[in-house]
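The values are calculated or read from the model by the stated rules, or taken from the named source; none is laboratory data. Keep in mind the model is a prediction, meaning the values are calculated, not measured. Every residue, glycine as well, gets a Cβ built from its backbone with ideal geometry; the counts of neighbours run over all protein chains shown. Heavy atoms of the whole protein, side chains included, go into the accessibility calculation; ligands, DNA and RNA do not. Shrake-Rupley method; radii C 1.70, N 1.55, O 1.52, S 1.80 Å.
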Amino acid sequence: MTKRHQVLLMTVTLIICSFTLNAQKDFQQDTAYYETFPNKTTVRLYLSKKYVHLNFPSGGTAEDLEYKANPKLNLGAGITIKNISINLFNGFSFLNNKVDEKGKTKGFNFQVHLYPHKWAIDLLYVAPKGYHLEPKGLAGAPADKYYYREDLKTTFFGISAYQVPNKKRFSYRAALLQSEWQKKSAGSFIYGGEIHHGTVQGDSAIVPALLSHTYPQAGVNKINILSFGPGAGYAYTLVMAKHFFITGSMIINLDVNFVKEEATTTEKNTSLNPSEVFKVAAGYNGKKWNISANWTGSASSVQGSLTPDNYVFPAGNVRVVVARRFERHKHQS
């Protein structure tokens, strides 16, 4: 990550954190629907795995070409005090015995998901390097090996912000941050927008030489993308027996996309395409314990100039969490 990107990330994060803290003042939810724990500290252990895919369309003559990053399975611990959450994690070797079989993915993956009661905000900076193709033996790789590109790298930076009108009865935090407890079923319409910028590039053509006759993007070694647009959707939590829950949230954005494909010449295209942001969670929640799994993700779809079909770039994070809430002792003067 460059110094410019680091400064930009820090500035945007500080602005958003300040906004979310101020957004909590003088807020009172409907306690019949969900409960907050202002005097408790939430401690969690979790397993998580992030993913990034790059899907290149063939134009209908073959299977789409899908590069996949190979991230590690991480073991993490975190703490939430009032409106601030901190998580630390590591991809321990005993959890990743066969991770190198598909080639190493290195780089930076920074994701912040904030849920002030009136908003759902996602900040993303993903910069992995090293992708492989599946199945084994594809694109000239040996039959027992995966085709691997150590030089192939991506950089995606973006922010999305959506308002949650039914904030007094519906809680994202209960499902995804384990810091609240949704006791009755409720949902909310969601609306807002997003803006993203990304690049995909390799030291040579992104499409493998043996497949160049099949894909119209043959020779392209860099793709630049700028996307922005409004979005709307719905989120709902179904609560059973007061403690067991299933949460689903889906937002569809209609984005204006500016795409530039670079090879020996440069091709540009502007298009209007949908993208999606989704969140899913399920598990047990109560006054003290939360045992759950959640999946947050997005999929951007953009059209280049070389094929009528779209590039698709899915990314996300899957977690399994065990969390416990503890009373904080009040200091007496």
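The table that follows gives values for the structure above.
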| quantity | calculated |
| --- | --- |
| Residue match in segment 231-251 (condition: open to solvent by 80 Å² or more (accessible area, probe 1.4 Å) and outside any strand (DSSP E or B)) | yes |
| Whichever residue in segment 43-70 is among the small types (Gly, Ala, Ser) and surrounded by fewer than 19 Cβ atoms within 10 Å (Cβ to Cβ) and, among such residues, is nearest to Leu138 (Cα to Cα) | Ala62 |
| Residue count for segment 38-64, restricted to those that are within 25 Å of Ser185 (Cα to Cα), at pLDDT below 90 and either of a type in the set (A, V, I, L, M) or under 28 Å from the mean Cα position of the chain (by Cα) (or both) | 1 |
| Qualifying residue in segment 199-213 (condition: open to solvent by 40 Å² or more (accessible area, probe 1.4 Å) and in contact with a strand residue (DSSP E or B) (Cβ under 6 Å, 6 or more places away or on another chain)) | yes |
| Any chance Ile225 is β-branched (Val, Ile, Thr), open to solvent by 50 Å² or more (accessible area, probe 1.4 Å) and closer than 30 Å to Thr264 by Cα | no |
| Members of segment 289-312 that are among the hydroxyl-bearing types (Ser, Thr, Tyr) and either closer than 18 Å to Leu124 by Cα or out of contact with any Asp or Glu (no Cβ under 7 Å at 6 or more places or on another chain) (or both) | Ser292, Thr296, Ser298, Ser300, Ser301, Thr307, Tyr311 |
| Failed condition for Tyr67, given (1) under 14 Å from Thr154 (Cα atoms); (2) among the aromatic types (Phe, Trp, Tyr); (3) modelled with pLDDT under 90 | (3) |
| Only one of Thr264, Thr296 that is within 19 Å of Val112 (Cβ to Cβ), open to solvent by 10 Å² or more (accessible area, probe 1.4 Å) and either touching a residue at least 40 places away in the same chain (Cβ under 8 Å) or of a type in the set (Lys, Arg) (or both) | Thr296 |
| Segment 141-178, residues that are closer than 27 Å to Ala281 by Cβ and of a type in the set (D, E, K, R) | Lys167, Lys168, Arg169, Arg173 |
| Residue among Phe326, Phe313, Phe245 that alone is at pLDDT 95 or above and of a type in the set (A, V, I, L, M, F, W, C) | Phe245 |
| Entirely in segment 75-166, the strands (runs of 3 or more DSSP E) that have 1 or more residues that are free of Cβ contacts under 8 Å to residues at least 24 places away in the same chain and open to solvent by 40 Å² or more (accessible area, probe 1.4 Å) | 84-90 |
